[in-house]
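What follows is a short report on a single structure.
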Amino acid sequence: MKISNQLSVLGLCLVSSHLLANGLQINEQSVSSQGKAYSGRASDVQDASVVYGNPAGMSKLAGEHVSGGVSLIDVRTHIGSVDTSVAGTSRGDMVPNPIVVPSGFYTLQLDRDWHVGFGIYVPFGGVTDYEGSFQGRYRSSRTEVKVMTLQPTVSYRVSDRLSVGGGPTINRIEGVLASKIDNQAVGGQGDGTVKVTGDDTALGFNLGILFDPFDELTLGLAYHSKVDFTLKGKTKVSGANGLLGAIPALGLPGINGKYDASLDFSTPETVDASATWRVNDRLDFSAGALWSRWSRLSELNVRNAGVPRTYAAFDTIDETLKWRDTWSFSTGLSYRLDKQWKIRTGIAYEPTPMPNQYASTRVPTGDRKIFTLGLNWQATEQTSLDLGYGYIHEDRVKVSQPATQGGLRPDYSATFQSRINGIGLQLNHGF
């Protein structure tokens, strides 16, 4: 059993795909779209949140508009059929607190044809934080990511039926990743900890087209580019002992300490196509399809600097992912009860890009079926309030990770199944 093989597990902690996202985009940029399961995100212009859904849609907003919202996401996970040699618990509270997702948008009409806008929102993110005695703690103990995007945007009305829009995106990512170290596997006692932190800011762009072939029908197409990040940060190893600790008699320094780390990662480009059909003044239907190019994530590579020469195998670590592209589908409707109240509902299907053989404890997610309800209250002629609710049913995921690296990563096998509830509130005002 070579020390270099045992140490490479620490590097693998850096390249977990779930450091950056669980493979599924966060949808909660617009509470008004949430009610229809985001089915008309690129074609149904309701408020200033169209800056994200389709920047060309600003051409349908006269004057000045602002929208601000917040969503709360609550995740409940059941862990069953656990098979591992590690003592501990599997309570399933891997997301102990609701996740808060904010958003804000602004649009301004410059003249008959030109609009400008600005948005701030969260395109990717999430957290898992297992209990300290989790049986899979040597695979993962905590994973957290925060991605915030700023989007200045412009649109141009080509004709009464055609508009285009687009602009750059400024994207900030921060990540935390932690796992426990099994000291007993290398002649030590207790658990050590490896914690990785990193961040980066990178540019991307988005484009949109809005077309009304008929007065009752609107078609929308929106493109969000990939964003190339190079996360830079620190890997902190603490509490490692046994063969991983310092051995003065042999002149070995031990692995405990802080090391510079970097990781290249690209979020996928997406294409969102949708159609909205206004049956009459009260009723409309929407349908949408979202393509995400997750196949860009075939593998990840992490680079570490400052590692003692004894642990040279920790300098560069690779991990194969082989994710696949996905198609998500949604449909929904809205019905206006009267001048003040409108109700919405929708359903959606989102497949996971992660092949079964690569499922892990980081963020074990399965295919999703989504059911939503929404309510719009027109409080005044200029001000409205949106309320949205979504229930997500995830298919059961089988995680099977055999012992690797000479036993430093013990075997772990279990099934994970999550139920997710999300509620959002959004205020809209026109000037």
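Computed from the coordinates by the stated procedures, all read-outs in this text should not be read as laboratory data. All values derive from a computational prediction rather than experimental measurement. Note: ideal-geometry Cβ built from the backbone for every residue, glycine included; neighbour counts use all protein chains shown.
Odds and ends about this structure:
- With Cα atoms defining each centre, region 210-264 and region 92-120 are spaced 24 Å apart in the structure.
- Counting beta carbons within 10 Å around each of V186, V100, V271 and listing the fewest first gives the order V100, V271, V186.
- Applied to region 343-354, the Karplus parametrisation 6.51 cos²θ - 1.76 cosθ + 1.60 on θ = phi - 60° returns per-residue 3J(HN,Hα) values of 10, 9, 7, x, 9, 8, 10, 10, x, 7, x, 8 Hz, with x for Gly and Pro.
- Here's how it looks for K322: its modeled amide H is under 5 Å from those of S298, E299, which are all 5 or more places away or on a different chain.
- Top positive-direction residue, dipole computed over the chain with Cβ charges, set A403, N206, T415: A403
- Working from label points 7 Å from Cα in the Cα-to-Cβ sense, the R303 to K146 distance is 2.8 nm.
- Calculated mean residue ellipticity at 222 nm for the chain: -1000 deg cm²/dmol, from DSSP H runs with n ≥ 4 weighted as -39500 (n - 2.57), summed, divided by the residue count and rounded to 500.
- Size descriptor, Kirkwood hydrodynamic radius, that averages inverse alpha-carbon separations across the chain, Å: 22.9
- Candidate cross-link partners of K342 among the lysines, defined by an alpha-carbon separation under 22 Å and a same-chain spacing of 8 or more, comprise K36, K60.
- With the charge dipole of the chain set up from +1 on Lys and Arg Cβ and -1 on Asp and Glu Cβ about the Cα centre, the Cα lying farthest toward the positive end among the listed residues T361, A56, T77 is that of T361.
- With Cα atoms defining each centre, region 319-345 and region 350-402 are spaced 10 Å apart in the structure.
- A simple spin-label model places the labels of D260 and V158 4.9 nm from each other, with each point 7 Å out along Cα-to-Cβ.
- Mean separation of Cα contacts under 8 Å, 6 or more apart, over the residue count of the chain: relative contact order %: 21
- Karplus-derived 3J(HN,Hα), 6.51/-1.76/1.60, for each residue of region 228-244, Hz, glycine and proline x: 8, 9, 10, 6, 10, x, 10, 10, 10, 10, 9, x, 6, 9, x, 5, 8
- For the chain, excluding the exposed loop sites themselves (trypsin sites (Lys or Arg not before Pro), DSSP loop, at most 12 other Cβ atoms within 10 Å), the longest remaining stretch covers 113-281.
- The aspartates and glutamates within cross-link reach of K232, meaning a Cα-to-Cα straight distance under 12 Å and a gap of 8 or more places when in the same chain, are E174, D199, D200, D260, D264.
- Only the Cβ atoms of Lys and Arg (+1) and of Asp and Glu (-1) were treated as charged; on that basis the dipole of region 48-194 about its Cα centre amounts to roughly 220 debye.
- Around S67: net Lys/Arg minus Asp/Glu count, Cβ-Cβ under 15 Å: -3
- Proximity of backbone amide H atoms, modeled 1.01 Å from N, is registered between V227 and T267 at under 5 Å, excluding neighbours fewer than 5 places apart on the same chain.
- Charged side chains reduced to their Cβ positions (Lys and Arg at +1, Asp and Glu at -1) give region 115-184 a dipole of some 140 debye around its Cα centre.
- Charge context of G175, other residues only, Cβ under 12 angstrom, K/R +1, D/E -1: +3
- Given 14 as the ceiling on other Cβ atoms within 10 Å, longest exposed-site-free region of the chain for GluC sites (Glu not before Pro) in DSSP loops: 1-215
- Folded to 0 to 90 degrees: helix 3-14 orientation relative to the chain principal axis, Cα: 10
- Most positive-pole-ward Cα, G132, A185, V122, against dipole of region 94-191 from beta carbon charges: V122
- Residue-span extension gain [A246 to R172] - 0.36 nm each, minus C-alpha spacing: 22.9 nm
- Dipole in debye (nearest 20) - the chain, about Cα centre, beta carbon charges: Lys, Arg +1; Asp, Glu -1: 880
- Amide H within-cut-off set for D411, under 5 Å, with H built and near neighbours excluded: S85, A403
- 3J(HN,Hα) from dihedral phi, region 212-222, Karplus parametrisation 6.51/-1.76/1.60, rounded to Hz, x for glycine, proline: 10, x, 9, 4, 8, 10, 10, 10, x, 9, 10
- Cα-projected label distance for W291 with F214, points at 7 Å along beta-carbon direction, nm: 2.6
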